[in-house]
Every structure is written in C-alpha cells, then in structure tokens.
Amino acid sequence: MDVVRTCIRKMSAYIPGDAADDPKVVKLNQNESRFPPSPRAIRAIEAAASGLALYPESTSRALREAAAKVYSVPASRIMAGNGSDDILRILFQCCCDPGDRAMAFYPSYSYYATLADMYDVDYRLGDFAGDSAIPDTVQFDAATLVVLPHPNAPTGAVFPERDVRRLLETAPGLVVVDEAYADFSGQTVLPLLDEYENLVVVRTFSKSYGLAGLRVGLGFAREELLAEMEKVRDFYNLDRLAQAGAVAPLADNVWVRRRPGGVVAGRGAALPPLRELGLTVYPSGANFILVRFRDEAEAKRIFESLRSRGVLVRYFTGRGLADCIRVSIGTETDMVVFQNEFEALLE
Ligand SMILES: *Cc1c(COP(=O)(O)O)cnc(C)c1O
C-alpha cells in the first residue's frame, strides 16, 4: 500500500449515519427531510430521463440562473455541486496546500475533518465561548479556511450576524459559512457577499428541499475564486436528473416559501415535552435538536432502544457529545411516534 499517499493511509473514512430504506423506520438520524419534495421536481426528473443518452450541460447553467433569482445573487457567483459536500471538497482542494491550516469551532460538522485529512491539511478546532457563541478573539493560527456551519451542526445554534462579520473581518483567509440548515432559521449571510471578498456560502438541497438522494448543493463566492474552483470541479458533476430536479422546486415560488414551515412548527412542538422531562435541549435554528441526558450510559441506552423500536436518531462519540442524541424533526406523525417511544424508555 506504499503507493497510497501517507495522509490517506493515516486517515479514517467518514462514517455517515445509518441509511435505511425501510419505510416503516422513523428515520430521524441524518437530517434529511421527512416531507416530500416539490411534485414539480419529480415531474421534471421524469421528463429529463429521456435525455440521458447525452452528457449534461457542464456548468448547470439553468440551475444557477434559477438559484440567482431565488437568492438574489448573480449566476456568475454561483457554482452547483454534487451535494454541498462536493463544493466543500473543491474548496479544500483549491485553497489548501499540504500543511496549510483550516479551522472550525467544536463541535462542528465532522466531514470537514475528513476533507482536511484528505488534503493533508492541519485542521484545528477552536472552542466556542460558552455553549455556542463565536468568541470575541479567535486564535486563527494563519488558517487558510475557517468553516462555520450556520446554524451549527450538531447543536443547531444560530449566531448573531455581527459575530459572523467579526470572523470575516479578522480571519486571515476564507470564511466558509455552511448554510445547510439556513432555511429553518431564516438567517443567511448571502447579502454579505458584496461586502466581504473572503466569504463563501454553501447551500444544499438535501435538507429543506427534501432532495438528499439527488445530490445537489450550491456554492456562492466572488467570481475570481469561482474561476479557480472551476478548474478542479468534476466537469459533469451534476447529472441531467439532478439539474432538472433542482431547477423545478426553485421555480415553484409557493412551495419554496412554505417549505420549512412543517419543520419549524415541529421543532417548536418537540421542545417543551422534552424539557418537561428534565432534559437539556439546545435552542435550535435547524431541522434537528440536540438532547442531553444525565450521562453517557443513558444516552447510549436510549439511542439503542429507539433503534430497536424502529426509530433512528444520531449518536455521537465526540468530546462533550457522548451524553447526547441528535433528533431530526420529522412529520407530525414521526414526532408522535418518537415522543411515545421516548417517554416509554425514560420511565
Ligand atoms: C447535511 C450537511 C451537509 C451535506 O449536504 P449535501 O448537500 O447532502 O452534501 C453539509 N453541511 C452540513 C453542515 C450538513 O449538515
């Protein structure tokens, strides 16, 4: 195996949450949508299937133009990705030399660490101030990239815009704001693209659009950076079905506006009963909540018992997280099942 780069041999593979196609499973472990996608997306995918003999348009032009209208950012500042993970990978590949630093605040989306390993990047995790505030002064250690999920994963924390601005003003390199869950918080830093040259915003169709299986994400950055990112983008990174399926819901105005509503209502309704049980539930602007138990053993027991009863949630082993479970917000029916099973287990 000595043909393999040392950093690849040393790294461990990213482990996603358990996939499960069984419709009987109440799947609340990967923050996918439990609500169906826009019916227009399905129709557009079916229609696009007739063109599969031909290569897709390589820059996802129609998708970028539709996104430009919805997000009020010129299409020239948008790149489409095979999921937002593709955009994140392109950023690491494009901006980080081996030995460069990247940083995030702990806890964060764990895939960033995997990307750093892949490109031999020295990944540092800073601490939040208190539970989840961006500290006033940050030890950047000359990081080329600072990555910030906003709302944060896996806590759901939302940051005041002035704190994100301070990061942008003091970071030595790029600040990548990963807005995978922004539709559920209603807060976005997209309007700051005009002000800060070092800002990159990443969005996904996997959460609020209910299209995780289609693999579509968007990157927003200034043109000069996108031109460099274009050089390493897989030429046909979005297939015909993905492009068509993502354009359709963007053009469906009514659906776009209503889309996060069910989750936001479900999140509000999920909190009080859990808090009444004496559990710590972190305030969340995302489509999930992080629930803290008395200890690690209890969190593990609840996670495993829920799984054996057909309710999948996420359990993490990282520092400070092993006494928590993360629960995606599903439909009303999902949440009733979750709540019932959960209360039975705690008794
Ligand atoms: C889910 C998630 C992603 C991945 O999105 P894809 O578009 O499915 O690749 C990226 N960032 C964060 C913080 C996420 O939670």
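Comparing T188, T114, T333 in a Gaussian network model of the chain, where Cα atoms under 10 Å apart are tied by springs, the biggest mean-square fluctuation is seen for T333. Summing charges over neighbours of E197, with a neighbour being any other residue whose Cβ is under 14 Å away from its Cβ, gives -3 when K and R count +1 and D and E count -1. For the chain, averaging the sequence separation of C-alpha pairs within contact (under 8 Å, six or more residues apart) and dividing by the residue count gives a relative contact order of 24 percent. Between Y315, Y71, Y106, the Gaussian network model of the chain with springs among Cα atoms under 10 angstrom shows the greatest mean-square fluctuation at Y71. One chain, two ends: E65 and I42. Fully extended at 0.36 nm per residue, the span grows by 6.3 nm beyond their Cα-Cα distance.
Using the Cβ atoms and a cut-off under 12 Å, what net charge is assigned to the surroundings of T170, where Lys and Arg are +1 and Asp and Glu are -1? Spell out each step's value before the answer.
Values: positive: R165, R166; negative: D136, D163, E169.
Net charge around T170: -1.
Straight-line cross-link partners of K69 among the lysines, defined as a Cα under 28 Å from its Cα and at least 8 positions apart when in the same chain: K207, K231.
Could you grab the relative contact order for region 84-240? Cα pairs under 8 Å, six or more apart, rounded to a whole percent.
Worked out over region 84-240, it gives 22 percent.
For K10, the aspartates and glutamates whose Cα comes closer than 16 Å to its Cα, not counting residues fewer than 8 places off in the same chain, are D2, D117, D120, D122. Direction-averaged projected area, Cα convex hull, region 60-167: 7.6 nm², rounded to one decimal. A Stokes-Einstein calculation at 4 °C with viscosity 1.567 mPa s, built on the Kirkwood radius of the chain over Cα pairs, returns a diffusion coefficient of 62 µm²/s. Summing charges over all other residues whose Cβ lies under 13 Å from the Cβ of E57, with Lys and Arg as +1 and Asp and Glu as -1, gives +1. Taking V201, V264, V175 as the candidate residues, the one with maximal mean-square fluctuation in a Gaussian network model of the chain, Cα springs under 10 Å, is V264.
Using the eigenvalues of the Cα gyration tensor, what equivalent ellipsoid semi-axes result for region 273-347 when each is taken as the square root of five times the eigenvalue, whole Å, largest first?
Numbers: eigenvalues 57, 43, 30 Å².
One finds semi-axes of 17, 15, 12 Å for region 273-347.
Restricting to Cα pairs below 8 Å that are 6+ residues apart, what does the relative contact order work out to for region 1-103? Please round to a whole percent.
11 percent
Each reported figure results from applying straightforward, stated rules to the coordinates on display, with no laboratory input. Bear in mind that the values here come from a model prediction, so they are computed numbers and not experimental data. Don't worry about glycine lacking a Cβ; one is built from the backbone with ideal geometry, like all the others, and counts go over all protein chains shown.
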